[in-house]
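Accompanying notes for the structure given below.
The values are calculated or read from the model by the stated rules, or taken from the named source; none is laboratory data. Owing to the predicted nature of the structure, the values given are computational and were not obtained by experimental measurement. With ideal geometry, Cβ positions are generated from the backbone for all residues, glycine too; neighbour counts draw on all protein chains shown.
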Amino acid sequence: MKICIYGAGAIGGYMAVMLKRGGAEVSLVARGPHLKAIQEKGLKLVMNGEEIVEHMPATNDARELGEQDYVIVALKAHQAWESAPAMVPLLGRATAVVTAQNGVPWWYFHGLDASLCGYRLRSVDPQDRQWNTIGPERVIGATVYPATEIIEPGVINHIYGNQFGLGEPDRSESERLRRLAAALEAGGLRTRFYDDIRNDIWIKLWGNLCFNPISALTGATLDVIATEPGTRALARNMMIEAQAIAEKFGATFRVDVERRIDGAAGVGAHRTSMLQDVDKGRPIELDALLTSVQEMGRMADVDTPFIDSLLALTQQMARVRGLYPTFPETTGAAAETAGAA
């Protein structure tokens, strides 16, 4: 089985090492000093006090790798949008593309009922770049739960977790889904199938859409945001708005708001990925986490005053710092959502 990890950063690199250990034929697309280190020394994973080094083809040009059985896209959402045309050489007739990003995915409405299946989310896929270049029929949805970090070029530290959620957009349990799960599990990763992966996407997004921007604006860690009365109330109200939107489109929630916030508090003094990006001067992943939810709220005719306010503040902060927009400019919440092509 040929698997290309497109974006061999912290999560992608972790997956690559584990898949290679499980017997898959793995290749990497990466860039910069990280790529150079992998090419020269292999990809090192530090896990449970053990150092695991795997050597595999690594390049910044997908044309060198050829068609794959699976392409796992482990970039942030705006990076995946930028990179979509460069993925084409990896895509054969039956290649599946696994979207391992946070937030609302660009293919969200593919596979839903006929009245919705053609809608395109402008906030995460302007100009339909991914829809037209990759094609939603290739997609396998994924949710990512491990915590990892790059501690130096070519070296990834595994902090905790090994679970991945998987699901087909059309809710089927396909052969390609089973084969992917088997490859992940052969490498020691845990997988869980979801009848509708969108439900698990919302559970993870439910926290990200409020905790990430609040932390980026305040500098507070997750435990503080989830327990200080003012920020906890703001997070709760944003989550209530998001749940109303998700349920309008058929999603269901297996936990309630208070339990989800308490779970975040239990993580401890964690600095969210968006706060880390702000501190390091990197573009923030705001559109997939929050602008997309606002766009869906407009579609569903759900009022989102708390989401709107925090989104406006975070956009302004990021623009002042040169960290936003990550996509081409759109008007208002998003450009008008298009129907089926």
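Brief remarks on what is shown
- Of all residues in the stretch 278-304, those satisfying the criterion of being assigned to a helix (DSSP H, G or I) and in contact with a helix residue (DSSP H, G or I) (Cβ under 8 Å, 6 or more places away or on another chain) are V278, L286, D287, A288, L289, L290, T291, V293, Q294, M296, G297, A300.
- Pairing each residue of the stretch 158-185 that is among the charged types (D, E, K, R) with any residue that is crowded, with 16+ Cβ neighbours inside 10 Å and assigned to a helix (DSSP H, G or I), provided the two are 6+ apart or on different chains, yields C-beta distances under 8 Å for E168/L177; E168/I197.
- The stretch 32-76, subset modelled with pLDDT of 95 or more and within 19 Å of the chain's Cα centre (by Cα), residue surrounded by the fewest Cβ atoms within 10 Å (Cβ to Cβ): L75
- Scope the stretch 177-230; condition among the β-branched types (V, I, T), more than 19 Å from G161 (Cβ to Cβ) and crowded, with 19+ Cβ neighbours inside 10 Å; matching residues: I214, I225
- Unmet requirement for V46, which otherwise passes all of (1) out of contact with any strand residue (DSSP E or B) (no Cβ under 9 Å at 6 or more places or on another chain); (2) outside any helix (DSSP H, G or I): (1)
- Filter result for I159 (within 30 Å of V53 (Cβ to Cβ) and not assigned by TED's automatic domain parsing to the domain that holds R254): yes
- Criterion applied to G154, G230, G141 was being touching a strand residue (DSSP E or B) at 6+ places or on another chain (Cβ under 8 Å) and over 26 Å from W107 (Cβ atoms), and the one residue passing it is G154.
- For A251, the conditions (1) closer than 23 Å to E149 by Cβ; (2) under 20 Å from the mean Cα position of the chain (by Cα) are fulfilled apart from (1).
- Qualifying residue in the stretch 209-231 (condition: closer than 30 Å to E175 by Cα and either within 21 Å of the chain's Cα centre (by Cα) or modelled with pLDDT under 95 (or both)): no
- Sole exception among (1) under 19 Å from the mean Cα position of the chain (by Cα); (2) more than 26 Å from L189 (Cβ to Cβ) for V88, by number: (1)
- Unmet criterion (only one of (1) within 30 Å of D301 (Cβ to Cβ); (2) of a type in the set (D, E); (3) without any contact (Cβ under 8 Å) to a residue 60 or more places away in the chain; (4) outside the structural domain of H34 (by TED's automatic domain parsing)) for D223: (1)
- Residue, surrounded by the fewest Cβ atoms within 10 Å (Cβ to Cβ), within the stretch 90-124, restricted to residues that are of a type outside the set (A, V, I, L, M, F, W, C) and under 24 Å from T272 (Cβ atoms): N102
- Out of E241, E258, sole residue that is of a type in the set (D, E, K, R), modelled with pLDDT of 95 or more and either crowded, with 19+ Cβ neighbours inside 10 Å or not assigned by TED's automatic domain parsing to the domain that holds S273 (or both): E241
- Every residue from the stretch 170-192 that is at pLDDT 95 or above, touching a strand residue (DSSP E or B) at 6+ places or on another chain (Cβ under 9 Å) and not small (G, A, S): R176, L177, R178, R179, L180, L184, E185, L189, R190, T191, R192
- Scanning the stretch 12-31 for any residue that is at pLDDT 95 or above and farther than 27 Å from I159 by Cβ turns up at least one such residue.
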